[in-house]
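The values are calculated or read from the model by the stated rules, or taken from the named source; none is laboratory data. What you see is a predicted model, and the numbers here were worked out from it, not measured in a lab. Note: ideal-geometry Cβ built from the backbone for every residue, glycine included; neighbour counts use all protein chains shown.
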Amino acid sequence: MHNIKRILACVLTVCLTLAILAGLTQLTEKKEGYAKHAEFFDQEENYDVMFIGASPAMNGIYPMEMWKDYGIVSYNMAEAAHPLPASHWVMRLALEEKQPELVVIDCFRLNLEPKTTANFSLMHTSLDSFPMSRTKVEAIFDLLDDPYKYEAEEGESRGAINMLWNFSVFHSRWDSLTENDFRPQKSYGRGAITNTGIFYDEMEKISPEDKLAVEATGLEYLRRMIEHCQSRGIEVLLISMPFAANEEEQRLANFAGDIAEEYGLNYVNFLQMDLINYHTDMADNNCHMNPSGARKLTNWLGEYIQQNYDIPDRREDSRFAFWHEDYEKYNLAKNADLQARSELYNILMLLYGDGLDAVLHVKDKSLYNDSLVLELLGALNVDTESLNKNSDVIIIRNGGEQSAVLDNVLFDGAEHDSPVGKILPIRAENGAQIRLDEDLYFPIMEDRDCSIAIARNGVPVDYAGFDYVYDEAAGMIQQINIVR
Amino acid sequence: MLFNSAEYLIFLPIVILLYFVLPVKAKNPWLLIASYYFYMCWNAKYALLMLLSTVITFMSGIYMEKIKEAGYEPAREVKLKNIVVAISFISNLGILFFFKYFNFAAELVTDFFALFNIQMHTPSFDVLLPVGISFYTFQALSYTMDIYRDELKAEKNFFQYALFVSFFPQLVAGPIERSKNLIKQLSVVHKFDWDNFREGILLILWGFFLKIVIADRLAIFVDAVYNAPGYYSGGFLIVASFLFILQVYCDFYGYSTIAMGSAKILGIQLMENFQSPYLSTSVAEFWRRWHVSLSSWFKDYVYIPLGGSRNGKLRKYINLMIVFTASGLWHGAALTYVVWGALNGLYQVIGEVTKPLRDKLVRLLRLNRESLGHRIVCTIITFSLFAFSMIFFRAQNIRHALQVIKGIIYVRNPWIFFDGSLFLSPLDYKLVLPMTIFLGILLFADVCKARGIAIRKIIMQQDYWFRWLFIAVSVAVILVFGIWGPGFSEANFIYFQF
């Protein structure tokens, strides 16, 4: 009896230790994965559409915008630097949690052999937030059983134990814990990660008939994904996300169409479409779209899904009423992103398709010589042909749905009629302003080379002035400063 | 297999579980198998060396016993025993010399002749140093000596004796157990004992705390500074030198404590290797408290046979220098270790020589040697002297050591302690508070130990909830603050190389 008590004491000590370690594991683990996936697990209702892929899809498809425009309840489960085998396991794990009607898979780099990325820590971001299950164990052992795996960095361990119990990796974060570790914040992007920036890129399209057939691990796992979905009665749509692809990448994307045909699936090859402006819509030279590009693609894809699949519009469904609230929180995050920008280019880019109203006041007209600014304004429906040395104010409504240009504005209280409604330039005690919609005021910084004031749904969001010099050789402005 | 590896954390419970589950006759064979497996995890071939050493010392014991029983005349008996002891020592030390010192000796010979412009070509062997060879060789030789001195009866059971030489908790880094202590304990059947179990667990936790929380964390700073003495100088080197001796202490003390804990669960009491050495008020006292199993080995088997302090002061000083130089050499086949050992011998000789003068000064100035202030000053001096000697222990070679000393003496940059630049180095300011707390815990534990207060016993006397919580929180603290897992390779224990 005495021994039983002691054994029980040992067991309880072990349990207590494990309980403390479980808490510490949660505290010390990196929270990127939590931020990205928290809403996926929190939502009791199903997701109708799930997006699977790597960073081009993660940065390029915005479920919240798809919700706003089409009422599609979707989640972006694409993960940074995930080859198709890793994406396959993310999808399998996600399908254990939710049963969507449609899975959209980006066929990015189906010729890759390695199952995981060189930056192995990204595997933690995607897999750590999934609860322990047989599939997760299977996933980890399969991903680590990889003859093509990248060499681990010095001191880096890629053992199964590190993936199954991430405390073994992250316990040393005790010296860098922040408030976010104690009160983890989730993003409201439903898995999409915004990549803000502009990289001026070009792409030369090749013939859609020019294909590169391959047999590789990536393709093998794409087939597995399709077959798994089909075995569970889930529809699959294959896509190839747009980026400034080289010839080989385009040929591979063309070949992905054959795979779709083989399985009787729809295939959308964005590389063959003129949807994206590679001058203004890419965030970097690494296949990632910026919000402007992502909104264009999301809008197109939402409409395509609505037309081709039986996916309901849930905007009036009371079970999803919280999505409307989340969308407002999502807007706040977008506002914060906008307010964090210091380059005029990025601010103009962020206006696209986001329901924002903006007033751009231009004092130094050399801005109109900048071809990138003109392309960005063009995307916002500004008649750039009409811009001249007298064009003082540019008004953009609802993310570029409408725009107007005012010449020789005197701020004398004289009302102007324009395609965007009545515009009243006035000079108040605190400086020049433009009034729209009777009660929406946009301040102007007259002493700056240009200034921009932005509002969302009638509420001011940002207000900034810029000074710049025009670099004739580069054909661009060189921004000197920003004042907020 | 290192104590701070996942393998050991699997190995130890299996060994313990089977030891207590197996029938009496199978217990020690099981421990022997486990010990050889433990050793062979490094290099299976080198287990043969240990076996050879075991056979030689076992047979020497048997022969000496037979000689004693044969009833020879005393003179002849001594002569025969001398022959057996000589064979045992020469063969064991020969193996040790070949694997550990041959290349070093050949290098010394070459360098010596090079002084006279004589080119010598001495062969060198590309052999790995067998892990723990110095430890088990000394342990086995202590057995030979104990039989020779009639302090012990020869062990008749070879497997029992083989277990004494190879007992895994203390196999590769000590403590160097005495045959009188360990063989007797190994011959007794041990039943599972809850008190031993609890005490063993607490010892293992304490050992892990010392090793992976303190020693390995300090090593980051020490390594960075010592590996770039041209970049880090002055204050950095002073801090690194002091931290290094804390690192070595926690590293070796940690290992010894894990060894004690592992053995304790099996019901075997290993000797304490450290008795709060950094609280010593003199170098002589320090060496009675530091690496006790080795110091006492040298005392019993080298210093006393050399005559100890019985043949006059000069002879005593020579004996001290011999013992400490040999002790330095035992630590490694390099001049740095020889200088380190000799320096510690010299400290003691100087201490002895100046003792009358110091005593006179104390009387004249009416100082109270037992006062706290006096003791603290003496402790700091002893600590500093040891830290200085350890520059040679840590340095890659004599030139490197001299470069470090030069960097300490000639570069004066005291502002690094005030302008924050000390913390821009690998000694991250975020570490200062936790490390201060951890070193404070170590100091507290050492003070308690020196005063005979057994913290383990106090913990074990507490209510069950406190004990559970203490163990759970200790595990959590070790795992959070310890250096382990990816990003950090399992750091070797410093004393493994010896």
Flag for residue B:46 being outside any loop (DSSP other than H, G, I, E, B), among the hydroxyl-bearing types (Ser, Thr, Tyr) and closer than 23 Å to residue B:334 by Cβ: yes
Can we say residue B:74 is surrounded by fewer than 16 Cβ atoms within 10 Å (Cβ to Cβ) and at pLDDT 90 or above? no
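This table checks each residue for (1) in a helix (DSSP H, G or I); (2) small (Gly, Ala, Ser); (3) modelled with pLDDT under 90.
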{"site": "B:189", "(1), (2), (3)": "no, no, yes"}
{"site": "B:208", "(1), (2), (3)": "yes, no, no"}
{"site": "B:259", "(1), (2), (3)": "yes, yes, no"}
{"site": "B:287", "(1), (2), (3)": "yes, no, no"}
Selection within region A:267-280 - out of contact with any helix residue (DSSP H, G or I) (no Cβ under 6 Å at 6 or more places or on another chain), in contact (Cβ under 8 Å) with a residue 40 or more places away in the chain and not in a loop (DSSP other than H, G, I, E, B): A:272
For residue A:301, only one of the following conditions fails: (1) more than 30 Å from residue A:465 (Cα to Cα); (2) in a helix (DSSP H, G or I); (3) without any contact (Cβ under 8 Å) to a residue 60 or more places away in the chain. What is its number? (3)
Return the only residue of B:249, B:231, B:255 being of a type outside the set (A, V, I, L, M) and over 16 Å from residue B:290 (Cα atoms). B:231
When you go through B:63, B:72 one by one, which is the residue that is closer than 30 Å to residue B:189 by Cα and of a type outside the set (D, E, K, R)? B:63
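What is the residue count in region B:296-319 for residues that are assigned to a helix (DSSP H, G or I) and either closer than 25 Å to residue B:377 by Cα or among the basic types (Lys, Arg) (or both)?
Let us first name the residues in region B:296-319 that are assigned to a helix (DSSP H, G or I), namely B:296-303, B:313-319.
Okay, now just the ones that are also either closer than 25 Å to residue B:377 by Cα or among the basic types (Lys, Arg) (or both), so B:299, B:313, B:315-316.
Going through region B:296-319 one residue at a time, the tally reaches 4.
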By residue number, the members of region A:25-44 that are touching a residue at least 40 places away in the same chain (Cβ under 8 Å) and within 14 Å of chain B (Cβ to nearest Cβ) are A:25, A:27, A:28, A:29, A:30
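Do we find that residue B:186 is more than 30 Å from residue A:4 (Cα to Cα) and of a type in the set (A, V, I, L, M) in this structure?
Values: more than 30 Å from residue A:4 (Cα to Cα): no; of a type in the set (A, V, I, L, M): yes.
In short, no.
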Region B:439-457, subset farther than 30 Å from residue A:11 by Cβ, of a type outside the set (Asp, Glu) and buried (at least 16 other Cβ atoms within 10 Å of the Cβ), residue farthest from the other protein chains (Cβ to nearest Cβ): B:449
Of the residues B:172, B:213, which single one is of a type outside the set (Gly, Ala, Ser), crowded, with 24+ Cβ neighbours inside 10 Å, within 14 Å of chain A (Cβ to nearest Cβ) and out of contact with any Cys (no Cβ under 7 Å at 6 or more places or on another chain)? B:213
Quick count over region A:374-392, residues being in a helix (DSSP H, G or I) and over 25 Å from the mean Cα position of the chain (by Cα), is 3
For residue B:473, which of the numbered conditions (1) assigned to a helix (DSSP H, G or I); (2) within 14 Å of chain A (Cβ to nearest Cβ); (3) at pLDDT below 85 fails to hold? (3)
Output for Cβ contacts, cut-off 7 Å, separation at least six or different chains, first residue within 7 Å of chain B (Cβ to nearest Cβ) and farther than 16 Å from residue A:173 by Cβ in region A:12-24, second surrounded by 14 or more Cβ atoms within 10 Å (Cβ to Cβ) and of a type in the set (Phe, Trp, Tyr), reads A:12/B:468; A:13/B:468; A:16/B:468
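Scan the helices (runs of 4 or more DSSP H) fully inside region A:124-231 and keep the ones with 3 or more residues being more than 14 Å from chain B (Cβ to nearest Cβ) and within 27 Å of residue A:34 (Cβ to Cβ). Give the steps one after another, and end with the answer.
Numbers: elements: A:134-144, A:160-164, A:167-170, A:179-182, A:217-231.
Filter on region A:124-231 gives A:134-144, A:179-182, A:217-231.
Looking at B:137, B:144, which one is crowded, with 23+ Cβ neighbours inside 10 Å, closer than 25 Å to residue B:97 by Cβ and more than 20 Å from the chain's Cα centre (by Cα)?
Details: B:137 fails: more than 20 Å from the chain's Cα centre (by Cα).
When all the criteria are applied, what remains is B:144.
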Count, please, the residues in region A:440-479 that happen to be more than 13 Å from residue A:359 (Cα to Cα), more than 29 Å from the chain's Cα centre (by Cα) and not acidic (Asp, Glu). 7
The one condition residue B:155 fails out of (1) part of a loop (DSSP other than H, G, I, E, B); (2) more than 28 Å from residue B:79 (Cα to Cα) is (2)
Filter region A:77-116 down to the residues that are farther than 23 Å from residue A:46 by Cα and over 20 Å from the mean Cα position of the chain (by Cα) and list them by number. A:85, A:110, A:111, A:112, A:113, A:114, A:115, A:116
Starting from region A:401-420, keep only residues that are on the phi > 0 side of the Ramachandran plot, then list their pairs with residues that are surrounded by 18 or more Cβ atoms within 10 Å (Cβ to Cβ) whose Cβ atoms are within a distance under 6 Å, requiring at least 6 positions of separation or different chains. A:411/A:425; A:411/A:432
Return a yes/no flag: does region B:423-436 have any residue that is at pLDDT 80 or above and touching a Pro at 6+ places or on another chain (Cβ under 8 Å). no
For residue B:460, work out the one condition from (1) away from every other protein chain (no Cβ under 14 Å); (2) in contact (Cβ under 8 Å) with a residue 24 or more places away in the chain it doesn't fulfil. (1)
For residue B:149, state whether it is over 19 Å from residue B:52 (Cα atoms), touching a residue at least 60 places away in the same chain (Cβ under 8 Å) and among the charged types (D, E, K, R). no
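Scan B:356, B:414 and give me the residue that is in the same structural domain as residue B:223 (by TED's automatic domain parsing), at pLDDT 90 or above, over 21 Å from residue B:248 (Cα atoms) and surrounded by fewer than 18 Cβ atoms within 10 Å (Cβ to Cβ).
B:356
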